[in-house]
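J.: Could you have a look at this structure, given as structure tokens, before my questions?
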Amino acid sequence: MGAIERFTGSARRLGVEPRIQRFPEGTKTAAAAAQAIGCDVAQIVKSLVFMADGRPVIAFTSGANRVDPSKLAQVAGASEARRASPEEARAATGFAVGGTPPFGHPDSLPTYVDPTLLAFQEVWAAAGTPDSVFPLPPSELQRAAGAQPADFTEG
């Protein structure tokens, strides 16, 4: 079973019916995704895996923002946090970097959401591959992922 099919099955079990769109040119970066979709880069959900004291955590940040690892460590109750390697991210979520969806991972991970995302009516997240995305209301993102709003961005 492919990554999109695995994600879609998980999403449906969570009560989300993703309207997946595919862009052959890729949506691997927030800027590329926003350009392909035709939305503001701030509406792109970056699903980033970090290692907080050696444990994986997920941070959803707006495509316009960057994660401050020290703030994220504090939010996660850890002494330090660093970006996960591609191998660590895949092991934690079951998906490759650039296509990591916000939910549908094999294990439930501590998940935090950038409040900037919650201000939009609609945001766009990866759907399992670097060329697939889907829209959803931020409240649905937060609910389905079990994400806690937290201030962990730079600035």
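The values are calculated or read from the model by the stated rules, or taken from the named source; none is laboratory data. Keep in mind that what you see is a predicted model, and the values were worked out from it rather than measured. Note: ideal-geometry Cβ built from the backbone for every residue, glycine included; neighbour counts use all protein chains shown. Ligands, DNA and RNA are excluded from the accessible area calculation, which covers all protein heavy atoms including side chains. Shrake-Rupley method; radii C 1.70, N 1.55, O 1.52, S 1.80 Å.
J.: Here are some residues: T61, T100, T93. Which one is open to solvent by less than 20 Å² (accessible area, probe 1.4 Å) and in contact with a His (Cβ under 7 Å, 6 or more places away or on another chain)?
T.: Among T61, T100, T93, only T93 is open to solvent by less than 20 Å² (accessible area, probe 1.4 Å) and in contact with a His (Cβ under 7 Å, 6 or more places away or on another chain).
J.: Among the candidates A76, A33, which residue alone is at pLDDT 95 or above and either out of contact with any His (no Cβ under 6 Å at 6 or more places or on another chain) or within 13 Å of V133 (Cβ to Cβ) (or both)?
T.: Checking each option against the conditions leaves just A76.
J.: Another question about this same structure. At least 2 residues that are under 24 Å from A73 (Cα atoms) and in contact with a helix residue (DSSP H, G or I) (Cβ under 6 Å, 6 or more places away or on another chain) in each: list the strands (runs of 3 or more DSSP E) lying fully within region 90-155 that qualify.
T.: 111-113
J.: Here's something else I'd like to know. Taking K71 as the residue in question, decide whether it is open to solvent by 20 Å² or more (accessible area, probe 1.4 Å), within 11 Å of the chain's Cα centre (by Cα) and either more than 27 Å from R12 (Cα to Cα) or of a type outside the set (A, V, I, L, M, F, W, C) (or both).
T.: Taking the combined requirement at face value, the residue does not satisfy it.
J.: Could you tell me which residue of region 36-47 is modelled with the lowest pLDDT, considering only residues that are touching a Phe, Trp or Tyr at 6+ places or on another chain (Cβ under 6 Å) and either open to solvent by 60 Å² or more (accessible area, probe 1.4 Å) or in a helix (DSSP H, G or I) (or both)?
T.: The extreme case among them is A36.
J.: Is there a residue in region 26-34 that is part of a loop (DSSP other than H, G, I, E, B) and aliphatic (A, V, I, L, M)?
T.: no
J.: Right, here's the next one. Residue check: is F50 open to solvent by less than 50 Å² (accessible area, probe 1.4 Å) and either aliphatic (A, V, I, L, M) or farther than 14 Å from F152 by Cα (or both)?
T.: Answer is no for this residue.
J.: Okay, moving on. Among all residue pairs at least 6 apart or on different chains, which show Cβ distances below 9 Å where the first residue, located in region 12-27, is over 23 Å from G38 (Cα atoms) and the second is buried (at least 16 other Cβ atoms within 10 Å of the Cβ)?
T.: R12/P18; R13/G104; L14/F103; L14/G104; L14/A144; L14/A145; G15/E140; G15/A144
J.: Consider A78 carefully, then state whether it is over 17 Å from Q142 (Cα atoms), open to solvent by less than 20 Å² (accessible area, probe 1.4 Å) and out of contact with any Asp or Glu (no Cβ under 8 Å at 6 or more places or on another chain).
T.: It is false that A78 is over 17 Å from Q142 (Cα atoms), open to solvent by less than 20 Å² (accessible area, probe 1.4 Å) and out of contact with any Asp or Glu (no Cβ under 8 Å at 6 or more places or on another chain).
J.: For the condition touching a residue at least 40 places away in the same chain (Cβ under 8 Å), in contact with a strand residue (DSSP E or B) (Cβ under 7 Å, 6 or more places away or on another chain), basic (K, R) and open to solvent by 20 Å² or more (accessible area, probe 1.4 Å), what is the one hit in R83, R66, R55?
T.: Going through R83, R66, R55 in turn, just one is touching a residue at least 40 places away in the same chain (Cβ under 8 Å), in contact with a strand residue (DSSP E or B) (Cβ under 7 Å, 6 or more places away or on another chain), basic (K, R) and open to solvent by 20 Å² or more (accessible area, probe 1.4 Å): R66.
J.: Taking the conditions exactly as written (hydroxyl-bearing (S, T, Y) and touching a Ser or Thr at 6+ places or on another chain (Cβ under 9 Å)), does T29 satisfy them or not?
T.: The answer is no for T29.
J.: In addition: Looking only at region 1-30, count how many residues are at pLDDT below 90, surrounded by fewer than 17 Cβ atoms within 10 Å (Cβ to Cβ) and in contact with a strand residue (DSSP E or B) (Cβ under 8 Å, 6 or more places away or on another chain).
T.: Within region 1-30, residues that are at pLDDT below 90, surrounded by fewer than 17 Cβ atoms within 10 Å (Cβ to Cβ) and in contact with a strand residue (DSSP E or B) (Cβ under 8 Å, 6 or more places away or on another chain) number 1.
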